[in-house]
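J.: First, the structure itself, so that you have it in front of you.
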Ligand SMILES: Nc1ncnc2c1ncn2[C@@H]1O[C@H](COP(=O)(O)OP(=O)(O)O)[C@@H](O)[C@H]1O
Ligand SMILES: [Mg+2]
């Protein structure tokens, strides 16, 4: 359909397989229809290469919508042509045909994260996969944010992240992306409700807005619910309330990324990536007081300055598990109590050094943590203390 033509909104016509565009690109199949475009898998008849072509949906009845769509496409073409990154499709060509706009880019084998999540119906996705993808997305954002003219992606969400069969992550859809300079207050609002940072509702976007959207994407992937703020400072349900199997440290990480206040989030995508990797490598410690994530080895919490040494030096954490000095591991309180009961010497040792209370705090068992602390500070015969602790903890 011609670009200037008036047509009702609903009739989006897909190009039929076999259609040849510009005497060169033969449509193989429709990949996906997005908000602004239809993506096709095509063959370049000149080189026999396979590409993806994104066609701008052009049947908007309002001229203002058509103009917006045209600008979106031009922006996407301009930005993509400036970027060379292995996790972003390379732009090969762009053209208009019959007034319709087309982008020719690398074809990405795979599905987007929204499709991926819907395959896990009624089940939660593996936390480790989400953390790994989160770290890779942080790297791509870090690249964009540190270009000589930084690019803010502005529309990070599961549908705009593709995952290949070999688990490579690719960022697609640069329709809303832009330089910081262009997105000062007053610029059009961009992004998708549920994923866009609150400041984007006021027409402002910067690197930490992408940090927010990455947090929101991880929140969705781990709970199948969007953290719906709609630009407001309302309380967001902690991720762990929706999915109790999420570890406290991942919960803290995601909730920090989606803080309403920009200054409370990670201050860059790079920092967020570092923190995610630290969680993956277990080189972090969560502050018992304010729950911030700190680098292992820190003496005091960077956020509230509470002492971290006791937790640090205990050296009894392996991921979520508690490691006894005998090497035995407990992955939940029940197991810990059982191991301590069968090895009172070790139990006394860990109780006396405050290890149990730190670990209970770390896994979010605050009541058990309090009981362990009470028994430790009572002093006296520690074996008696341990027995009392085992008794009270089971009540
Ligand atoms: N280069 C590509 N190769 C393969 N599939 C793609 C490619 N780009 C986008 N897609 C798929 O098409 C969908 C829509 O594309 P997108 O660029 O996000 O369009 P929109 O701007 O309409 O949201 C994406 O969610 C993704 O699944
Ligand atoms: Mg999209």
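Since every read-out is calculated from the coordinates, none of them should be taken as a lab result. In this text the structure is predicted, and so the values were computed from the model without any measurement. Reconstructed Cβ throughout: ideal geometry from the backbone, glycine too, with neighbour counts over all protein chains shown.
J.: Using a basic spin-label model with each label point 7 Å from the Cα along Cα→Cβ, how many nm lie between residue 120 and residue 334?
T.: 2.4
J.: Follow-up. Using only the Cα atoms of the chain, what are the Rg and Dmax in Å?
T.: Considering the chain through its Cα atoms, Rg and Dmax are 25.9, 89 Å.
J.: Which of 81, 118 comes first, and how do the rest follow, when ranked by fewest Cβ neighbours within 10 Å? Show your work: numbers first, answer last.
T.: Working: 81 14, 118 11.
Fewest to most other Cβ atoms nearby, the residues stand as 118, 81.
J.: Could you rank the peptides 344-354, 260-270 by their average count of other C-beta atoms within 10 Å per residue, with the highest value first?
T.: Details: 344-354: 18.5, 260-270: 16.9.
Peptide ranking by packing, descending: 344-354, 260-270.
J.: For a footprinting-style exposure proxy, rank 255, 56 by other Cβ within 10 Å, fewest first. Mind dumping the intermediate values first?
T.: Numbers: 255 20, 56 23.
Ordered from fewest to most neighbouring Cβ atoms within 10 Å, 255, 56 come out as 255, 56.
J.: Can you put 290, 301 in order of Cβ neighbours within 10 angstrom, beginning with the fewest? Walk me through the numbers before you get to the answer.
T.: Values: 290 13, 301 21.
With the sparsest Cβ surroundings first, the list reads 290, 301.
J.: Expressed as an acute angle from 0 to 90° and rounded to the nearest 10, what is the orientation of the C-alpha long axis of helix 366-378 relative to the principal long axis of the chain?
T.: Helix 366-378 sits roughly 30 degrees off the main axis of the chain.
J.: Same structure again: Can you give the FRET efficiency for residue 82 and residue 168, using 1/(1 + (r/R0)^6), R0 = 22 Å, r = Cβ-Cβ distance, to the nearest 0.05? Kindly include the intermediate steps, with their values, before the conclusion.
T.: Numbers: r = 22 Å, r/R0 = 0.99.
It comes to 0.50.
J.: Please find the FRET efficiency linking residue 106 to residue 302, where r is the Cβ-Cβ separation and R0 is fixed at 56 Å, and quote it to the nearest 0.05.
T.: 0.90
J.: In addition: Dividing the alpha-carbon Rg of the stretch 317-393 by 2.2 N^0.38 Å yields what?
T.: Numbers: Rg = 10.9 Å, N = 77, 2.2 N^0.38 = 11.5 Å.
In units of the 2.2 N^0.38 Å rule of thumb, it is 0.95.
J.: Students often get this wrong: which residues of the stretch 327-362 have the backbone nitrogen under 11 Å from the point 7 angstrom along Cα-to-C-beta of residue 381?
T.: Hits in the stretch 327-362 for residue 381 at 11 Å: none.
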